[in-house]
1. Does at least one position in the stretch 390-404 carry a residue that is farther than 22 Å from ALA305 by Cβ, charged (D, E, K, R) and surrounded by fewer than 20 Cβ atoms within 10 Å (Cβ to Cβ)?
2. What about PHE401, is it part of a helix (DSSP H, G or I), closer than 13 Å to ALA326 by Cβ and not assigned by TED's automatic domain parsing to the domain that holds ARG262?
3. Quick test of your reading of the structure: ALA380 fulfils all but one of (1) under 28 Å from LEU231 (Cα atoms); (2) in a loop (DSSP other than H, G, I, E, B). Name the failing condition by number.
4. Hey, among the residues in the stretch 297-325 that are in a helix (DSSP H, G or I) and without any contact (Cβ under 8 Å) to a residue 40 or more places away in the chain, which one's surrounded by the most Cβ atoms within 10 Å (Cβ to Cβ)?
5. Would a scan of the stretch 421-438 turn up a residue that is polar (S, T, N, Q), surrounded by fewer than 21 Cβ atoms within 10 Å (Cβ to Cβ) and either within 23 Å of GLN473 (Cβ to Cβ) or assigned by TED's automatic domain parsing to the domain that holds ALA326 (or both)?
6. Would you confirm whether any residue within the stretch 481-491 is buried (at least 17 other Cβ atoms within 10 Å of the Cβ) and closer than 26 Å to GLU226 by Cβ?
7. Applying the selection to the stretch 290-336, what residues are under 21 Å from PRO374 (Cβ atoms), under 19 Å from the mean Cα position of the chain (by Cα) and not hydroxyl-bearing (Ser, Thr, Tyr)?
8. If a residue must be assigned to a loop (DSSP other than H, G, I, E, B) and without any contact (Cβ under 8 Å) to a residue 12 or more places away in the chain, how many such residues does the stretch 467-492 contain?
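The values are calculated or read from the model by the stated rules, or taken from the named source; none is laboratory data. Values in this document were obtained by computation on a predicted structure and should not be read as measured data. Here the Cβ is made from the backbone with ideal geometry for all residues, glycine too, and neighbour counts use every protein chain on show.
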Amino acid sequence: MKIAYLAGNDIQIDARVLKYIDAALGAGHLVHAFGSTTERESYETAIHGCPVTVAGVPEGYVPPTTRMQRRQKLPWFGMSLVFRPYYRTASQVVRAERQVRAWRRWARQGRGVRGLARRTMAALGNQWLALRRPHIDIQDSFDARFDDPLVAAGELDVYFGDLRFSWRDELPRITHDEAELSDALDSFEPDVIHVHDVFMLAIAARAVDRAAARGRRVALVYDAHEYIIGLTHLDPRLRAAYVDLEREFIGRADAIITVSPRLARLLARDYDLDETPAVVLNAPLVIDPPAGFEDIRDRARVRDAPVMVYVGGINAARGVETAVYALQHMTDTHLVLVTNRINKVVQGHLNLAYRLGVAARLHIVDFVDPRLVPAYVARATIGLSTLHHTPNHEVAITNKFCEYLQATLPILTSDTAAQAELVRDLRLGAVYEAGSITDFVWKARMLVRHHDGFRARIASRPELIHSYHWDAQVDVLNAVYSRLERHLGISA
């Protein structure tokens, strides 16, 4: 069977897609991956023996503006000024747009000098609206669990008041990527187009249509990595555009896969799916470390003291500052952050550690091959997942959660629903109230004291560890492909 994998990145940074490629090649399928980047021109390469075609941008390329961006521009003596302040929630944008539409109706009622004055006021209103829309202050937007009433209601509609818009207006890059990739995708003549995340879902669906017009039946698989409605850190219009895109094409998929049971149930509910999507966890593919391999204790130069480890990207929603504050009250404990770049949030954590006088016990170490992460963290004392409450985090079972299990590490997780339920039910560690330093410290101290007991309990359950290993996920993936072969008549 020929499988095309599509993802909205350059493929090589996407551990989930790379594991899919390895699994498909191991099962004897022919594979070609297609991605997108804004860092360089279009190119072709190979990863793990799989050909990869990446849509890039030519030198000097100026991205097409979205309708939202066009509205933000204020012409002034030949210049175009773009304002980018902050607002808080989607509901504020709805109210602002309603107010401006009222001003526009008022302006149309005037004539002569009075009409000119009213039209000027309406134009200024347009710019005031632009000031309300551009960005969410993510520091503020995570202060409350469900600050946005549209999200609290369980869905973000693509209608803002009586203003309707389409993903086609807000996501012009999709058209560019399709033009860059469509010839190579059609030439590959896949039996299955497996699209990862929502970004290339439209491109995949139209490729299926082109194949059907030529008399070829191609199956579409949608792999939903995120609960799009719950991505509260995104600009509300951008979030609504992705929801609009997902809503338009998810019903076209012959099979749907996602990353957690809770997200599978939400997708089935939100889009009234005939069946609940299959679950392929973000579980690690584990290999033995090479000779001379240095783990996090080696790199942080911490020998015997207790070590809390956090693995993954860091932003304001990830809650890592709670663990930094906790170092004040755990004077013999070190915190190791395994991350790939020092962004402004990480720098803020470093500055905080200096202010608190705990900088000597906060360490940042680089990523390693994803297959080596369990060995990398195995000598830590506690594995941390410190997510704040957002709708998307409530359904997440993270990569790090599965990696800690493979390393038999006791897990300290915030009380985000999906992971907290697993930790409590399976007795994998402890759950603390997200954002509470006091609760974090209490639970972390308990895990440090009883580390050996928790570790022995996890290690004594090989069937549990296997269920969060990539080998178990491959079984689910192969079952999906086998069903497509049988029911859609795709030749192996």
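1. Among the residues of the stretch 390-404, not one is farther than 22 Å from ALA305 by Cβ, charged (D, E, K, R) and surrounded by fewer than 20 Cβ atoms within 10 Å (Cβ to Cβ), which makes the answer no.
2. The answer is no for PHE401.
3. Of everything listed in (1) under 28 Å from LEU231 (Cα atoms); (2) in a loop (DSSP other than H, G, I, E, B), ALA380 misses just condition (1).
4. My answer is VAL324.
5. Checked against the condition, which is being polar (S, T, N, Q), surrounded by fewer than 21 Cβ atoms within 10 Å (Cβ to Cβ) and either within 23 Å of GLN473 (Cβ to Cβ) or assigned by TED's automatic domain parsing to the domain that holds ALA326 (or both), the stretch 421-438 yields at least one hit.
6. yes
7. VAL311, GLY312, GLY313, ILE314, ARG318, VAL320
8. We begin by selecting, within the stretch 467-492, every residue assigned to a loop (DSSP other than H, G, I, E, B); these are 468-469, 489-492.
Right, trim to without any contact (Cβ under 8 Å) to a residue 12 or more places away in the chain and you get none.
Selection size over the stretch 467-492: 0.
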